[in-house]
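This report refers to the structure that appears directly beneath it.
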Amino acid sequence: MIKKLDTLILKAFIGPFIATFFVTMFVLVMQFFWKYIDDLVGKGLDIISILKLTGYVAINTVPLALPLAVLLSSIMTFGNLGESFELVAIKSAGIPLLRFMRPLLVVSLLLCVLAFLFANYIIPVAQLKFTTMLFDIRVAKPAFDIKEGIFYDKIPGFAIKVGSKEKDGNTIHDVIIYENQFALQDNIIVAESGIMTVSADKKFLEFNLRNGWRYQEKGQFNTAETEFYRLGFKEYKKSFDLSSFDVLKTPDSAFKNNYAMLDVAQLDRAIDSLQEAIKGPLAQRISREVGGYFLFRKQMDSGWKSKKPVIADTVKQYIQIIPDSAKSLVSSRAADKMNMMRSSLDIVNLEYQQRRKDIRFYLIEWHRKFVLSFACFVLFMIGAPLGSIIRKGGLGMPLVFAVIFFLIFHLLYMFGEKFVRQDITTAFGGMWLCVYALMPVSFFLIYKAMNDSQLFNSEFYFRTFRTVRTGWHSLFKKNS
């Protein structure tokens, strides 16, 4: 049964948790836009596309936003209770720290389960959609914009220069168009003025030119016998295809086999397949590549060991039984075979190293789903006793401590992942580094909180320093 104490703790926790979760998610989403702002600006994205991209980014930030929100909200909750002396009243009633931590402990474990389910079933789909959409945006050309006096060459096969524009933005003057069709001579269109418009379906840019000339040279390639044409016009319409400016619609299947797009079961199958490929086909290929250069392998099972060869005691090396006239030839052939075998093995080794690298990346993604989920529990075990020790609510002191511990967690997490990527440590040892490095810290803080420690009380350190200084002066005077 939920008691009044549990209800009090839960009500004090829910508000800060929801607020800090959305604030944290907002910061992480803004971090993405700061990182990719150059790829997004000027691409002519509509509101729907921006909202979809923002939604995909927000979903992908949930595994990282949850632990930080749990840490900050738990510090704020217990800090508020300590600042209002409610913790003192609870402890005076004989209720230990672990008892009034229990409801939030259950909540943190539920958040761990929900975070794992979210990371396993929703994040892969959102990551697939996000990666596909970001790829389409990044390869799209900037939005169409012709400036005065500057050649615009973003339309394939053309370079356009407009001398001046009127205020309406459509009427243009002193127009020059180079048609680069990789023929004998580039065609040129020159016009005094015109109207620049975009078709209703936004697929074509249309120039309705007036009072100009079209210059064109025709003839066979690599010959001086060409014909030059000059065509004058009162009105001339030139259309340009703008399809290259559209954001592509790459199918999701293009990225579906990436390790970040798979759930735990799919990652298990992929890792098993890669390991079997190393043990089976790759091992057979190594044997085949090496065995082809050693002819004696064909007689390995032919019983050639039945007769023991008679070799003089003075012979210590194989080269000693080869005649002098054949030593040079034998050494040359042996060196050639060794070089060829080394080249073949280098190629196989590259494939082997790539397979091992792929396995490490899949293992990183497999462990990531569990580590970021379990981080909710670890950071709660740090935040709850920390809040009861500092006894400060609001966003001042709790925010400082939350940022410090989250930075420690995040740095350990990134270092561990980097160690695994570089094959310095195992996937388990590297990805769980942040967890088993911070768990002793959480136990230490819980111990201090249960004993009403003044670990973060500046007055305690001031009194201690004053006592030490007084004792030092007394000792100094006594000795002097």
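The values are calculated or read from the model by the stated rules, or taken from the named source; none is laboratory data. None of the values given here were measured: they were computed from a predicted structure. Every residue, glycine as well, gets a Cβ built from its backbone with ideal geometry; the counts of neighbours run over all protein chains shown. Note: areas computed on protein heavy atoms with side chains; ligands, DNA, RNA excluded. Shrake-Rupley method; radii C 1.70, N 1.55, O 1.52, S 1.80 Å.
Would you call PHE377 touching a residue at least 12 places away in the same chain (Cβ under 8 Å) and under 30 Å from LEU445 (Cα atoms)? Yes; evaluated as a whole, the condition is true for this residue.
The C-beta contact set for region 142-156 (first residue farther than 16 Å from VAL198 by Cβ and loosely packed, with under 14 Cβ neighbours inside 10 Å, second residue at pLDDT 75 or above and not hydrophobic (A, V, I, L, M, F, W, C), distance under 6 angstrom, 6+ apart or interchain) comprises GLU148/SER164; GLU148/LYS165; PHE151/LYS161. Within region 271-284, none of the residues are within 30 Å of THR426 (Cα to Cα), at pLDDT 75 or above, open to solvent by 80 Å² or more (accessible area, probe 1.4 Å) and in contact with a helix residue (DSSP H, G or I) (Cβ under 9 Å, 6 or more places away or on another chain).
Restricting to region 189-203, and then to whatever is in contact with a strand residue (DSSP E or B) (Cβ under 9 Å, 6 or more places away or on another chain) and surrounded by fewer than 16 Cβ atoms within 10 Å (Cβ to Cβ), can you tell me which residue is modelled with the lowest pLDDT? Ranking the candidates gives LYS203 first.
Just a yes or no: is a residue in region 79-92 open to solvent by 70 Å² or more (accessible area, probe 1.4 Å), farther than 18 Å from LYS392 by Cβ and either of a type in the set (D, E, K, R) or in contact with a strand residue (DSSP E or B) (Cβ under 7 Å, 6 or more places away or on another chain) (or both)? Looking for residues that are open to solvent by 70 Å² or more (accessible area, probe 1.4 Å), farther than 18 Å from LYS392 by Cβ and either of a type in the set (D, E, K, R) or in contact with a strand residue (DSSP E or B) (Cβ under 7 Å, 6 or more places away or on another chain) (or both), one finds none in region 79-92, hence no.
Looking at PRO103, is it within 22 Å of the chain's Cα centre (by Cα) and either within 20 Å of PHE17 (Cα to Cα) or surrounded by 21 or more Cβ atoms within 10 Å (Cβ to Cβ) (or both)? Taking the combined requirement at face value, the residue does not satisfy it.
For ILE172, are the conditions met, namely being out of contact with any Asp or Glu (no Cβ under 8 Å at 6 or more places or on another chain) and at pLDDT 80 or above? Judged against the criteria, ILE172 is not a match.
On inspection, VAL468 does not qualify as at pLDDT below 90, surrounded by 12 or more Cβ atoms within 10 Å (Cβ to Cβ) and of a type in the set (Val, Ile, Thr).
The condition of being of a type outside the set (Asp, Glu), more than 24 Å from ALA384 (Cα to Cα) and modelled with pLDDT of 85 or more holds for only one of MET25, MET30, that being MET30.
Of all the criteria given as (1) modelled with pLDDT under 80; (2) open to solvent by less than 90 Å² (accessible area, probe 1.4 Å), the one not satisfied by ASN222 is (2). LYS357: in contact with a Phe, Trp or Tyr (Cβ under 6 Å, 6 or more places away or on another chain) and open to solvent by 60 Å² or more (accessible area, probe 1.4 Å), yes or no? For LYS357, the condition - in contact with a Phe, Trp or Tyr (Cβ under 6 Å, 6 or more places away or on another chain) and open to solvent by 60 Å² or more (accessible area, probe 1.4 Å) - is not met.
Of note, ALA402 satisfies the criterion of being at pLDDT below 90 and buried (at least 23 other Cβ atoms within 10 Å of the Cβ).
Under the condition of being under 16 Å from the mean Cα position of the chain (by Cα) and either over 21 Å from PRO124 (Cα atoms) or modelled with pLDDT under 80 (or both), the residues counted in region 40-80 number 0. Annotation note: of VAL70, VAL88, the sole residue that is of a type in the set (Val, Ile, Thr) and touching a helix residue (DSSP H, G or I) at 6+ places or on another chain (Cβ under 6 Å) is VAL70. The helices (runs of 4 or more DSSP H) falling completely within region 13-123 that include 1 or more residues that are over 28 Å from MET133 (Cα atoms) and in contact (Cβ under 8 Å) with a residue 12 or more places away in the chain map to 47-83, 86-92, 97-117. Selection within region 360-394: residues that are open to solvent by 40 Å² or more (accessible area, probe 1.4 Å) and basic (Lys, Arg). The member of this set that is modelled with the highest pLDDT is ARG368. Here is a check on your reading of the model: is GLY430 at pLDDT 75 or above, in contact with a His (Cβ under 9 Å, 6 or more places away or on another chain) and part of a helix (DSSP H, G or I)? Considered against the rule, which asks whether it is at pLDDT 75 or above, in contact with a His (Cβ under 9 Å, 6 or more places away or on another chain) and part of a helix (DSSP H, G or I), GLY430 comes out as yes.
Answer yes or no as to whether TYR293 is touching a helix residue (DSSP H, G or I) at 6+ places or on another chain (Cβ under 8 Å), modelled with pLDDT under 85, among the aromatic types (Phe, Trp, Tyr) and open to solvent by less than 100 Å² (accessible area, probe 1.4 Å). Answer is yes for this residue.
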